[in-house]
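Written out below as structure tokens is the structure these notes cover.
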């Protein structure tokens, strides 16, 4: 069964304190791995797509990396406005539907 | 550019009442459309997806149904709501699998409370 787990469940950082969020997945063939940001009461906002092991994508203070079994979302020198829940999803090769992880709730304190 | 709309934004309904949530997409044609439910503190659960007008696939047995009467319109319905139907309902769209981008793009969501 395809499965996505994320850790930690919640993370509190001081402003400027860099860290990483983990997304581990089990899927029978990976078409793509997707990262989203979700603010409270809003729909998820697309951040990155990664397709193959070794691939990296960057956007402002965020960098996503991918291995054969997991992905990391690195946050460098975070600011309070980076506070949100970060969702990871995988798309198996055999279909178009996503399998979402439960998310990591990030709080960045000033 | 593409835009996705959902309404209403919030809804409070009594148990046993009907439900109709609407989602429309602008700026693209023949999108794949999805309905998700997000319970508090939990991940997104796929409810229905559609690859074309009148084509609906259900992921989980439940009290809900979906319809796609037009290319860019997706409707989530229920004849009689249950308490367990409460949650945050999200509509999403994506391009044609394998032809255009695979990313799913989400609407603003509808917060449904069943009392």
>> Anything in the stretch A:8-36 that is in a strand (DSSP E or B), within 11 Å of chain B (Cβ to nearest Cβ) and either more than 9 Å from residue A:88 (Cα to Cα) or free of Cβ contacts under 8 Å to residues at least 24 places away in the same chain (or both)? List them, or say none.
In response: A:10, A:31, A:32
> Does the stretch A:63-81 include one or more residues that are closer than 29 Å to residue B:5 by Cα and either part of a loop (DSSP other than H, G, I, E, B) or at pLDDT below 95 (or both)?
Replying inline: no
>> Just to check your reading of the model, which residue among A:66, A:33 is under 22 Å from residue B:90 (Cβ atoms) and crowded, with 18+ Cβ neighbours inside 10 Å?
In response: A:33
> Would you call residue B:87 within 16 Å of the chain's Cα centre (by Cα), within 13 Å of another protein chain (Cβ to nearest Cβ) and farther than 25 Å from residue A:32 by Cα?
Replying inline: yes
> Would you say residue B:1 is surrounded by fewer than 15 Cβ atoms within 10 Å (Cβ to Cβ) and either more than 14 Å from chain A (Cβ to nearest Cβ) or not in a loop (DSSP other than H, G, I, E, B) (or both)?
Replying inline: no
> Within the stretch B:32-51, restricting attention to residues that are more than 12 Å from residue B:74 (Cβ to Cβ) and facing chain A (nearest Cβ under 9 Å), which residue is surrounded by the most Cβ atoms within 10 Å (Cβ to Cβ)?
Replying inline: B:44
> Only one of (1) more than 12 Å from chain A (Cβ to nearest Cβ); (2) free of Cβ contacts under 8 Å to residues at least 40 places away in the same chain; (3) in contact with a strand residue (DSSP E or B) (Cβ under 8 Å, 6 or more places away or on another chain) fails for residue B:70. Which number is that?
Replying inline: (3)
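The values are calculated or read from the model by the stated rules, or taken from the named source; none is laboratory data. As the structure is a prediction and not an experimental result, all values here were calculated from the model. When we count neighbours, we look across all protein chains shown, and the Cβ atoms used for this are built from the backbone with ideal geometry, even at glycine.
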